[in-house]
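Here is the structure we will look at, set down as structure tokens.
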2 protein chains.
Amino acid sequence: MERAISELSKLPGIGRKSAQRLVFYLLKRPEHEVRTLAEAIVAVKENILFCSVCFNITETDPCQVCTSEKRDREFICVVEEANDMLAIERTGEYKGLYHVLGGALSPLEGIGPEDLRIKELLRRLSNDTREVIIATNPNTEGEATALYLEKLIKPLEIKMTRIARGLPVGSNLEYADEMTLTRALEGRVVI
Amino acid sequence: MERAISELSKLPGIGRKSAQRLVFYLLKRPEHEVRTLAEAIVAVKENILFCSVCFNITETDPCQVCTSEKRDREFICVVEEANDMLAIERTGEYKGLYHVLGGALSPLEGIGPEDLRIKELLRRLSNDTREVIIATNPNTEGEATALYLEKLIKPLEIKMTRIARGLPVGSNLEYADEMTLTRALEGRVVI
């Protein structure tokens, strides 16, 4: 039981107390239910792989986005993680392809360019690429990564854009932090 | 005492319980302290007025921003409230003038164009105005107000811009709401 608690508490967002609660819950469930859960966990590792084109998580390779005929192949949106790609997909506004870097540059955590799918991104760029949209997170690591990509891609003379930093929809100027407000002013658009 | 509680609970963010707590607090303070507070409250109304140019709150008319020689008179930033102007001032990035509308259009609350300082804004625009920055809040009322101003100012052929809607600095794509993410994609900037 101690082993189950310590294994579960390694999961993100699950502390020792939550892990204990989960173990007590599992103890009360019928055996077949617990077995189904364990099998589903193993199946994650067995059936899910990374798309060899965009490095999205997928059950088929290449992934559904990369093989879809409805997607516009002239656009590549670069994100840090597969989660970010899902967030953009939920908007239903983007019809291009993606490239999942697998993280962001972070000297503090020892993550350098060779740890990310950067050369794979460069290899994907061609004369058919009309725009590369850098959608890394608007935080320190994401901005550093955007800057690094800019230096690599700029010489190829492919149009590069960065998602807008500004005030979230539905928010208030009064409560915006200064950096965001500065970005919102700098990035103002002509109407 | 009942009157004090009911007067205090009319203030924004102060409910009946907080008002009661305040009254009990005041009861325990020496009389001169309570009198100083009451005088300060009356002084707000007596000494603070609206700038006759930009409608910012001020103790001198015109206000310090409108009379400053360091401000760039070619730019007018339109905000809903004086608070919003203070928020932009805190960034230290904007050197132009302001215009405080005194609110935003809201049919639900019965606030129409005649309740805002819109005609006063139009009267301020001249050949010297190079850009009008619409910095109303990125919510329903603020956007409606921006649209209304656009219709009025567009025919004057003065450059109009809107502060950027997008992801706040330091945030994460994964947790961004869909509208904000859509705006961040639409408003992407060439790098």
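The values are calculated or read from the model by the stated rules, or taken from the named source; none is laboratory data. Predicted model, so just to flag it, every value in this text is computed and none were measured. So basically every Cβ, Gly included, is an ideal-geometry build from the backbone, and we count neighbours across all protein chains shown. We work out accessible area using only protein heavy atoms, side chains counted, and drop any ligands, DNA or RNA first. Shrake-Rupley method; radii C 1.70, N 1.55, O 1.52, S 1.80 Å.
Yes/no per residue for (1) closer than 28 Å to A:Tyr98 by Cβ; (2) more than 17 Å from the chain's Cα centre (by Cα); (3) in contact (Cβ under 8 Å) with a residue 12 or more places away in the chain:
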{"site": "B:Asn137", "(1), (2), (3)": "no, no, yes"}
{"site": "B:Glu150", "(1), (2), (3)": "no, yes, yes"}
{"site": "B:Leu173", "(1), (2), (3)": "yes, yes, no"}
{"site": "B:Ala176", "(1), (2), (3)": "yes, yes, no"}
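Being more than 17 Å from the chain's Cα centre (by Cα) and not hydroxyl-bearing (Ser, Thr, Tyr): is that true of B:Glu109 here? Here the answer is yes, as B:Glu109 does meet what is asked.
A residue that is more than 28 Å from B:Glu141 (Cα to Cα), among the acidic types (Asp, Glu) and more than 12 Å from chain B (Cβ to nearest Cβ) occurs nowhere in the stretch A:79-102.
Suppose the filter is more than 8 Å from chain B (Cβ to nearest Cβ), open to solvent by 20 Å² or more (accessible area, probe 1.4 Å) and at pLDDT below 95; does A:Leu108 pass it? Yes, satisfied. Among the residues making up the stretch A:162-176, those that are within 7 Å of chain B (Cβ to nearest Cβ) and of a type outside the set (Gly, Ala, Ser) are A:Arg162, A:Ile163, A:Arg165, A:Leu167, A:Pro168, A:Val169, A:Asn172, A:Leu173, A:Glu174. Remark: pairs (first residue in the stretch A:36-52, farther than 17 Å from A:Thr67 by Cβ; second residue open to solvent by 80 Å² or more (accessible area, probe 1.4 Å) and not aromatic (Phe, Trp, Tyr); Cβ separation under 9 Å; 6+ apart in sequence or on different chains) = A:Leu37/A:Arg29; A:Asn47/A:Glu59.
Taking the condition part of a loop (DSSP other than H, G, I, E, B), among the aromatic types (Phe, Trp, Tyr) and surrounded by fewer than 23 Cβ atoms within 10 Å (Cβ to Cβ), does A:Tyr94 pass? Give the steps one after another, and end with the answer.
Values: part of a loop (DSSP other than H, G, I, E, B): yes; among the aromatic types (Phe, Trp, Tyr): yes; surrounded by fewer than 23 Cβ atoms within 10 Å (Cβ to Cβ): yes.
Spelling it out, A:Tyr94 is indeed part of a loop (DSSP other than H, G, I, E, B), among the aromatic types (Phe, Trp, Tyr) and surrounded by fewer than 23 Cβ atoms within 10 Å (Cβ to Cβ).
Would you check if there is a residue in the stretch B:83-101 being at positive phi and in contact with a helix residue (DSSP H, G or I) (Cβ under 9 Å, 6 or more places away or on another chain)? Yes, that holds for at least one residue. Here A:Ala146 clears all of (1) touching a residue at least 12 places away in the same chain (Cβ under 8 Å); (2) open to solvent by 40 Å² or more (accessible area, probe 1.4 Å) except the condition numbered (2). Scanning the stretch A:149-173 for residues being open to solvent by 30 Å² or more (accessible area, probe 1.4 Å) and out of contact with any Leu (no Cβ under 8 Å at 6 or more places or on another chain) gives a total of 9.
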